[in-house]
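Data block below; observations after.
Computed from the coordinates by the stated procedures, all read-outs in this text should not be read as laboratory data. All figures in this text were calculated on a predicted structure; none of them were measured in a lab. Positions of Cβ are backbone-derived with ideal geometry, glycine not excepted, and every protein chain shown enters the neighbour counts.
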Amino acid sequence: MPRRIDLACNELRTLYEDMHLGTVTIAQRYGCSPTTIAKRLRECGARIRSSRFEPRVVSEAELRQLYLTERLPLRDIAHRLGVSISTVSNRRRMFGIPRRPRS
């Protein structure tokens, strides 16, 4: 039978909500799994943050404009759109936008 770790709600919520520590960091501190921390935080009434980035919409028209017309580098497009370079590259392929020839 697994042992029950006694984690005080006020302490957990302070670490998670006030100090903005993640479940992995808190779990390392207590010697348990991040799942245990997340479960205990829910029991304490805390709203668990998403562990993933919020999806960003990259429109085909905007990507075509920036990449083909303005000829911006992928790095600059990614910065402007607030996404990673790989997201820009993946969307370019998904939309069927051809690679620019190297000048």
Worksheet item: Which of the GluC sites (Glu not before Pro) found in the stretch 1-84 are loop residues per DSSP with 15 or fewer other Cβ atoms within 10 Å of their Cβ?
Response: Glu70
Worksheet item: Cysteines without a disulfide-compatible partner in the chain, using Cβ under 4.7 Å as the rule?
Response: Cys32
Discussion item. Using the Karplus curve 6.51 cos²θ - 1.76 cosθ + 1.60 with θ = phi - 60°, what ³J(HN,Hα) values do you get for each residue of the stretch 76-87, in whole Hz, with x for Gly and Pro?
Written reply: 6, 5, 4, 5, 5, 8, x, 10, 7, 4, 5, 5
Response to the item:
Karplus ³J(HN,Hα) for the stretch 40-48 (6.51 cos²θ - 1.76 cosθ + 1.60, θ = phi - 60°; Hz, whole; x = Gly/Pro) runs 5, 4, 4, 4, 7, x, 7, 8, 7
Worksheet, complete the sentence: Computed, not fitted: 222 nm per-residue ellipticity of the chain from DSSP H runs ≥ 4 (each -39500 (n - 2.57)), nearest 500, equal to -11500 deg cm²/dmol
Item to complete: Could you work out, for the chain, what percent of all Cα-Cα pairs fall into each 5 Å distance bin, beginning at 0 Å and stopping at the bin that holds the largest distance?
Response: 2, 11, 19, 14, 6, 6, 8, 10, 10, 8, 4, 2, 0, 0
Discussion item. What are the extents of the Cα atoms of the stretch 53-103 along their three principal axes, in Å, largest first?
Written reply: 34, 19, 16
